[in-house]
Amino acid sequence: MTVTAPDRTNRLAITRAGGQLITDYWEKLFTARDEGKQIVWYNGGALNPIFQAAGVAWCHGEAFSARLAAQQMEGPAQLAGAEYGYSSELCSYSRTHLGCSVLTVQGEGDGSGVVGMHDQKELAARLPRPDFFVNNYAGCSTGQQWDEVSYRVFGKEVPIFNVSHPFLWGNKPDAGYLKGEEWDAASKYVADQLRELISWLEFQTGRPFDWDALSESMFYIKQAAELRREGLDLCKQKPAPATFWDWIASVAPINFLPGDQALVDYFAGVRDEIQGRIDTGVQAVEGEKYRIYFDGIMNWNKLGFLSRKFAEHGASVVAGRYIQNAFWQEPQLLNPSDPLLGMAQHYLLCPTNHGTRTLDHLTLKDCADYQVDGIAFHSTRTCRAFTGPQRLLAASAEKNLGIPSMFFEGDVADASFYKDEILESRLAAMLEVIDVRRERGSM
Amino acid sequence: MTVPAMERLVRAARDTRGYVAAWRAAHPDGKVLGVMPMNFPRELAHAAGLLPVIVPDDQEPVTEGRALLPEFYCGFTRNLADQVATGRLDLYDAVFMADHCIQLVGAADVARQLQPETPVFFGMLATSLSDAWAGQKVAEMMNTFREEVEALSGSKVTDESLRASIAAYNADRRALRQIFDERTAGSTAWAPTELQDLVASAMVMDPVEHLALLELARAEKVGQPRDERVRVHLSGHMCHAPRRELLQVIEDSGALVVDDDLWTGRRFLSTDVDEVLEPMEAIGHWYTSRNGNLPCPTRVQHDADWDTWLVESTERSGAEAVIHLMPKFCEPHMLLYPELRKRLDAEGIAQLLIETEHEGIPLEAFRTRVEALVERVLRKRPAYA
C-alpha cells in the first residue's frame, strides 16, 4: 500500500496571481501574429525590455521549454527533435526548443514527422514562427550555438543577431564580483552591442526605437527587482517565511514579463505576503528542521514534487544560486534614464558566467547569510554550465563552513533523468549527517 | 644508436611529459606553456621564447578526476580534470586558453582551483564571427595574449621574433598539409594512426625540430596507390584525438581513410598565418579565417557551412562515405550533426555516426557497424563487367 506523506509545504498564495500574469503573457504571444506584431525568439539574458520598447512580441526559448516541461508537454517536441537527429544528451532546453523549430518547419511543409498532427498543432501552431532571432547567452557556449542551429533549421531565412558575452573568469589581480578592469571592460562591450542590437531592431521593424519606452520599462523592472531583493532578504528569517520554490514560481515574472505597474504590484505583493508571514509567525515549511541551499538549474518537470519532497523531511530550501544570483539581482546597477549599461551588467551576471572563484564567494556568502545546514546539488544532466563547478563548490562549503552536501540527478526539461530513489536516499543521508553533527555540537 | 625520425615523432606525440622533460633539460631557463585547444595562437608564445604545448587527452583512464567534473562532461575534459587531480598537469608553468567551450572552461577551472600556483589565463576569443566588430575584438584579445606571454616569459615579443615564429609554424603546417593532400590525391603511404602521430607531435614540439624530423620521416616513406577498400572521410573530434585503436578498427573493417576534418588532422592544419601582413594583424586574421577554411560548430558564422565543406571534401578525395566521430557529450557536435546528416543524405553520401568515449569504447560493436557501412557502399558501386 502506498502511503502518501502529508504535504508540509505552505506556498505563497500570491504566486497564483503570478501564474495568471504568466498565462496572460503566453496567450498574448500566441495571438501576437493576429495583432500584426513581429515576433522574436531569443535566448539568454532578459532582453524583453528592449523588445517591449521596440514594439515586438517576444518568446524566450528556455522559458518556452521550461513551460512545456512544467506542464508535462515537452514529449512531442523532444520526440520531433530526436527524429531530426538531436541526441538525448544535448541540453534539454535547446532540444525541446529545437524540436519546436522542427515542428514549425514541418508544419509549413507536408506535416510529416513522427509527432502526430494534434501535438504539432498544440506546439508549433501555438508558438508563432519567428520573424527574427536574438541570442543573448552568457556563461554557456551551447546557448549561442543553439540559436545558430535554429537559424539553420529555418533555412537561414530568419535574420539573427548575436550579443556576445565575455566569460567572467577573473584573470587580473583586481578581478572580483562586480569589480575590476575585466568587469568594466566586459560591461562596456556588452552595452555597445546592445546599442547595435537596437539599431538592428530599428531596421527589422522599420520603426525608430522608443528610448522613452525602454526607460519606462526599466523603471518598473528596477522597482520590481528591488522589491524582489527585499523579499529575498526577508527569507533569511528563521524559520523561513517563504522558500526557494516560491521564488522559482516567481522566475517567469521577473525574467520575461513586461516591465509595467502590474509587475511592480506583483513583487510588492510577494514582499508583503512574506512580511505578513513573519509578523504572524507563519512558516513556509511546517516544522522547519533543516535549512538547505539548492545549487543547480531548476528541474521544471518536478517543481511541486520537489518542494513537497524536501518539506516531508522538514527541510526548508531557503536559497539557491538560480534565485539569489540571477534575474535582475543587483538592482542598484540599473539606471532607468540610461539603462543599457546596467542591463548589460545583468546579462553578464548570469549565474553560469562566473569562474568558480566568484561562485564560491557567492555560495559561501549565501550559505552564511541564510544560515544554511546543507547543500542539495541538482546534478542537472544536460546542463554542463551549471554543473561544472559543483564538485568544487561542495568541497569548499565543507572545508570553509563545515556544511555537508548531496548530489541528485535530474534535468531541466527531461524527466527521464530524474531518479527519485537516489534523491530520497541521499537527502536522508545528508540530513542524518546534519543531525549527527548537531548532536556533537559541531553545527 | 640513432632513433629513427618517425619513432621520435611518435614518442613526442604519445609521451608529452617525456618530450617536455627533454626540452627543459636542453633549456634550463625555459618555460613551458600548456595551451588548451583549439585557437590559441602558439606563434605568440613561441616568439616570447616559451615552448607552447597543446594539452592533449593523454588517453590515461580517468580515476580521481571523476570526483571533480560530472560524468556527463566529455571524456577529454574529464581526462584533463584527472590530469590535474593526479599531478599529470604539473609539467606546465602556466596554462592559457582562448576558447569558450563550457566543458573546457570547467576543466580549466579545476586546474585553477587545485593548482593555484599555476597561472590559468582565459582570454575568450570572439566566437560570433559574422559580427562587424568581431575582427576588432579579436585584435584586442591577441594583444592581451601578447602582453600575457611577455609577462610569463619575461621577454618582449618583437615583430621580428613573431615573424620568425610565424614562418616556422607555417613551414611545419605546410609540410604536414602536403602529406594530407597527397592522401587526398590517392596516396596510402601513411596509416591514420601515423598521421595522427605526425600532427599530435606537431602540437607538442618546437616547430623547427618537428619539421626536421618530419622531412626525415617523409624521406623514408614510399607511396602506395589506393586499393579497392571503401574510401571514407573521418569527421568530428574537433578538439582532441580519437583513440588510435578506433582508427585501426576502421581500416581493418574494409575502409580506407582518404581524408578527414579531425583536430589531429586537417582541422589543425587548415590555415597558415599570412606572412605578408603585419604580424599581429596576421595573427588575428589567422583566427578569423580558420573557420571559413574549415568550419567548426563552436563558432557562429553564417556563411561558413561545415556540411558544404564536407560535401566538397568528399568530391576532392573521392570518399564514398563519411564516418562521424562524435565524442560523447560534445554539445557543438550534437547540435550541428542533424544538419550534416541532412545534407549528406541529400547528396547521397553514405554515413555512419560513431559516438566515442574516452575509455571503454566498444570496439567490436564499432567494427560491426563499420563493416555494415562498407557493405552498404560496396553494393552501391557499379558492378564490374
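The values are calculated or read from the model by the stated rules, or taken from the named source; none is laboratory data. If you're wondering where the values come from, they're calculated on a predicted model, not measured in any experiment. As a convention, Cβ positions derive from the backbone with ideal geometry for all residues, glycine included, and neighbour counts pool all protein chains shown.
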Please work out which residue is farthest from the other protein chains (Cβ to nearest Cβ), limiting yourself to the stretch A:190-211 and to residues that are within 18 Å of residue A:163 (Cβ to Cβ) and either acidic (Asp, Glu) or without any contact (Cβ under 8 Å) to a residue 24 or more places away in the chain (or both).
-> A:202
Pair list, Cβ < 7 Å and 6+ apart or interchain, from the stretch B:81-105 residues that are in the same structural domain as residue B:69 (by TED's automatic domain parsing) to residues that are basic (Lys, Arg) = B:91/B:17; B:93/B:31; B:102/A:384; B:103/A:384
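I'd like the residue in the stretch B:127-138 that is polar (S, T, N, Q) and either outside any strand (DSSP E or B) or not assigned by TED's automatic domain parsing to the domain that holds residue B:39 (or both) and, out of all such residues, is surrounded by the most Cβ atoms within 10 Å (Cβ to Cβ).
First, the residues of the stretch B:127-138 that are polar (S, T, N, Q): B:127-128, B:130, B:136.
Then drop every residue that is not either outside any strand (DSSP E or B) or not assigned by TED's automatic domain parsing to the domain that holds residue B:39 (or both), which leaves B:127, B:130, B:136.
Working: B:127: 23, B:130: 15, B:136: 12.
Within the stretch B:127-138, the match that is surrounded by the most Cβ atoms within 10 Å (Cβ to Cβ) is B:127.
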The one condition in (1) crowded, with 19+ Cβ neighbours inside 10 Å; (2) touching a Lys or Arg at 6+ places or on another chain (Cβ under 9 Å) that residue A:238 fails to fulfil | (1)
Restricting the search to the stretch B:217-227, which residues are charged (D, E, K, R) and in a helix (DSSP H, G or I)?
-> B:218
Hits in the stretch A:328-345 - residues which are small (Gly, Ala, Ser) and surrounded by fewer than 18 Cβ atoms within 10 Å (Cβ to Cβ) = A:337
How many residues does the stretch A:389-443 contain that are free of Cβ contacts under 8 Å to residues at least 12 places away in the same chain, under 26 Å from the mean Cα position of the chain (by Cα) and farther than 21 Å from residue A:312 by Cβ?
-> 2
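So, in the stretch B:253-280, exactly how many residues are out of contact with any helix residue (DSSP H, G or I) (no Cβ under 7 Å at 6 or more places or on another chain) and not in a loop (DSSP other than H, G, I, E, B)? Steps first, answer last, please.
Filtering the stretch B:253-280 down to residues out of contact with any helix residue (DSSP H, G or I) (no Cβ under 7 Å at 6 or more places or on another chain) leaves B:256, B:262-263, B:267, B:276, B:278.
Filter once more, keeping what is not in a loop (DSSP other than H, G, I, E, B): B:256, B:267.
So the count comes out to 2.
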Mind counting the residues in the stretch B:9-46 that are over 19 Å from residue B:162 (Cβ atoms), of a type in the set (Lys, Arg) and either in contact with a strand residue (DSSP E or B) (Cβ under 8 Å, 6 or more places away or on another chain) or buried (at least 20 other Cβ atoms within 10 Å of the Cβ) (or both)?
-> 1
Restricting the first residue to the stretch B:113-134 and requiring it to be over 19 Å from residue A:137 (Cβ atoms) and within 7 Å of another protein chain (Cβ to nearest Cβ), which pairs with a second residue that is modelled with pLDDT of 95 or more and assigned to a loop (DSSP other than H, G, I, E, B) meet a Cβ separation below 7 Å and a spacing of at least six or different chains?
-> B:121/A:171
Find the residue count for the stretch A:391-406, including only residues that are within 9 Å of chain B (Cβ to nearest Cβ) and not small (Gly, Ala, Ser).
-> 2
Report, by residue number, each residue of the stretch B:356-381 that is buried (at least 20 other Cβ atoms within 10 Å of the Cβ) and either in a loop (DSSP other than H, G, I, E, B) or among the charged types (D, E, K, R) (or both).
-> B:358
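Against the condition surrounded by fewer than 20 Cβ atoms within 10 Å (Cβ to Cβ) and not in a helix (DSSP H, G or I), how does residue A:172 come out, does it pass?
Numbers: surrounded by fewer than 20 Cβ atoms within 10 Å (Cβ to Cβ): yes; not in a helix (DSSP H, G or I): yes.
So residue A:172 passes the test.
Residue B:214: crowded, with 18+ Cβ neighbours inside 10 Å and assigned to a helix (DSSP H, G or I), yes or no?
Working: crowded, with 18+ Cβ neighbours inside 10 Å: yes; assigned to a helix (DSSP H, G or I): yes.
Judged against the criteria, residue B:214 is a match.
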Pairs with Cβ under 8 Å, 6+ apart, first in the stretch A:142-163 and at the interface with chain B (Cβ under 7 Å from one of its Cβ atoms), second outside any helix (DSSP H, G or I) and of a type in the set (Gly, Ala, Ser) | A:144/A:164; A:144/B:128; A:162/B:128; A:162/B:130
For residue B:341, indicate whether it is in a helix (DSSP H, G or I), among the basic types (Lys, Arg) and more than 11 Å from every other protein chain (Cβ to nearest Cβ).
-> no
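Is it the case that residue A:156 is at pLDDT below 95 and within 30 Å of residue B:140 (Cβ to Cβ)?
Values: at pLDDT below 95: no; within 30 Å of residue B:140 (Cβ to Cβ): yes.
No, not satisfied.
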Taking the stretch B:312-338 and keeping only residues that are touching a residue at least 12 places away in the same chain (Cβ under 8 Å), more than 10 Å from chain A (Cβ to nearest Cβ) and either surrounded by fewer than 19 Cβ atoms within 10 Å (Cβ to Cβ) or among the hydroxyl-bearing types (Ser, Thr, Tyr) (or both), one is left with B:313, B:314, B:316, B:317, B:318
Considering the stretch A:287-304 alone, what residues qualify as being outside any helix (DSSP H, G or I) and more than 15 Å from the chain's Cα centre (by Cα)?
-> A:287, A:288, A:289, A:290, A:291, A:292, A:293
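Residues in the stretch B:152-165: is at least one acidic (Asp, Glu) and away from every other protein chain (no Cβ under 14 Å)? Outline the logic, then answer.
At the first step, the residues of the stretch B:152-165 found to be acidic (Asp, Glu) are B:159-160.
Filter once more, keeping what is away from every other protein chain (no Cβ under 14 Å): B:159-160.
Among the residues of the stretch B:152-165, at least one is acidic (Asp, Glu) and away from every other protein chain (no Cβ under 14 Å), which makes the answer yes.
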Just one listed residue, out of A:364, A:359, is more than 10 Å from chain B (Cβ to nearest Cβ) and either in contact with a strand residue (DSSP E or B) (Cβ under 9 Å, 6 or more places away or on another chain) or at pLDDT 95 or above (or both), and it is A:364
Screening B:247, B:310 for residues that are within 20 Å of residue B:357 (Cβ to Cβ), assigned to a helix (DSSP H, G or I) and out of contact with any Leu (no Cβ under 6 Å at 6 or more places or on another chain) leaves only B:247
Within the set of pairs 6+ apart or on separate chains, which have a first residue in the stretch B:148-162 that is closer than 19 Å to residue A:172 by Cβ, a second that is in a helix (DSSP H, G or I) and at pLDDT 95 or above, and C-beta atoms under 7 Å apart?
-> B:149/B:44; B:149/B:45
Close pairs from the stretch B:223-249: first within 19 Å of residue B:321 (Cα to Cα), partner in a loop (DSSP other than H, G, I, E, B) and charged (D, E, K, R), Cβ under 6 Å, at least 6 apart = B:230/B:320; B:231/B:320; B:235/B:261
Which condition number does residue B:358 fail, the rest of (1) within 14 Å of another protein chain (Cβ to nearest Cβ); (2) in contact with a Gly (Cβ under 6 Å, 6 or more places away or on another chain); (3) over 22 Å from residue B:270 (Cβ atoms) being met?
-> (1)
Exactly one of A:304, A:374, A:388, A:314 is within 13 Å of chain B (Cβ to nearest Cβ) and of a type in the set (Gly, Ala, Ser), and that residue is A:388
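Hey, any hits in the stretch B:362-382 for a residue that's among the charged types (D, E, K, R) and within 14 Å of another protein chain (Cβ to nearest Cβ)? Even if it seems obvious, please write down each step before you answer.
Here is the first cut: in the stretch B:362-382, the residues among the charged types (D, E, K, R) are B:364, B:367, B:369, B:371, B:375-376, B:379-381.
Subset that is within 14 Å of another protein chain (Cβ to nearest Cβ): none.
Checking the stretch B:362-382: not a single residue is among the charged types (D, E, K, R) and within 14 Å of another protein chain (Cβ to nearest Cβ).
Any idea which of A:150, A:141, A:94 is over 19 Å from the mean Cα position of the chain (by Cα) and either at pLDDT 85 or above or not basic (Lys, Arg) (or both)? Reasoning before the result, please.
Working: A:141 fails: over 19 Å from the mean Cα position of the chain (by Cα); A:94 fails: over 19 Å from the mean Cα position of the chain (by Cα).
That would be A:150, the only listed residue that is over 19 Å from the mean Cα position of the chain (by Cα) and either at pLDDT 85 or above or not basic (Lys, Arg) (or both).
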